[in-house]
Protein chains: 2
Amino acid sequence: MTVDKSIEEGTNFTPKFDANGLIPVIAQDSKTGQVLMSAFMNAQALDQTIKTGRATYYSRSRGKLWTKGEQSGHFQKVDQILIDCDQDCILLKVTVDSGQCHTGHQSCFYRAVKPDAKTLDFIAKKVFDPDKVYPT
Amino acid sequence: MTVDKSIEEGTNFTPKFDANGLIPVIAQDSKTGQVLMSAFMNAQALDQTIKTGRATYYSRSRGKLWTKGEQSGHFQKVDQILIDCDQDCILLKVTVDSGQCHTGHQSCFYRAVKPDAKTLDFIAKKVFDPDKVYPT
């Protein structure tokens, strides 16, 4: 495998967007270390995130930008933007309030795979009632 | 946006592989909470990860499965497999030793984007010399 050393060892920020113009982004709670969600950004979303200090993603299903919290009020204040070795994944360290997942859970990762590899265990309770936050 | 409640609220494990048969996977240190890397699995890699308890991914560049650590010895012991709300991203909680990134860093996320949005700051030192681990 040929590796471009300047991408991995350099100090130029050159995020690698995929064929659809997207890069995967992980949001992690700066304080607790909890991984909150995974989403995508396009160049415009990344630019807006950097300029405003609030995490803005690109919704593939809706085909448009969305600032996390624009509907629920649960914004993500961006403390730090990290990029991985080959610059094809972004990690946001964010400060958040309660309830980051639209299902009502603090994190989107609220279920664990059971040893049977077919079913899931709920490992977290909801922290808010999504029906009261999001219009149906 | 139409949401399939059974995917988000149910207990059936139905990982959503993309058009290329892949699902993104985040590996997080169970003990420290540090996000170590991001990679992809296909169904076979996921199956092997569950069966062996060692994280196995699918390398897009090499077009084959790779068990993390098969070359370096730095395996990832899988403690827990979490799935997100819409079941299109996996979070692995793993127990690891020192040095998870092939560059020699503990995590692949060793650089932060500076306020100029163009350059990077190294926020971590290497924990091993990759030239001594990986053949060139």
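The values are calculated or read from the model by the stated rules, or taken from the named source; none is laboratory data. As the structure is a computational prediction, the values presented were derived from the model and not from experiment. Neighbour counts are summed over all protein chains in view; Cβ atoms, including those assigned to glycine, are modelled from backbone coordinates with ideal geometry.
If you go through the stretch A:1-49 and keep only what is modelled with pLDDT of 95 or more, among the aliphatic types (A, V, I, L, M) and surrounded by fewer than 17 Cβ atoms within 10 Å (Cβ to Cβ), you end up with A:7, A:43.
At least 3 residues being surrounded by fewer than 23 Cβ atoms within 10 Å (Cβ to Cβ) and touching a helix residue (DSSP H, G or I) at 6+ places or on another chain (Cβ under 9 Å) is the threshold, and among the strands (runs of 3 or more DSSP E) wholly inside the stretch A:58-116 those reaching it are A:64-67. Sub-8 Å Cβ pairs linking a first residue in the stretch A:17-35 that is facing chain B (nearest Cβ under 8 Å) and under 27 Å from residue A:97 (Cβ atoms) to a second residue that is of a type in the set (Phe, Trp, Tyr) and crowded, with 19+ Cβ neighbours inside 10 Å, at least 6 apart or interchain, are A:24/A:40; A:35/A:109, ordered by first then second residue.
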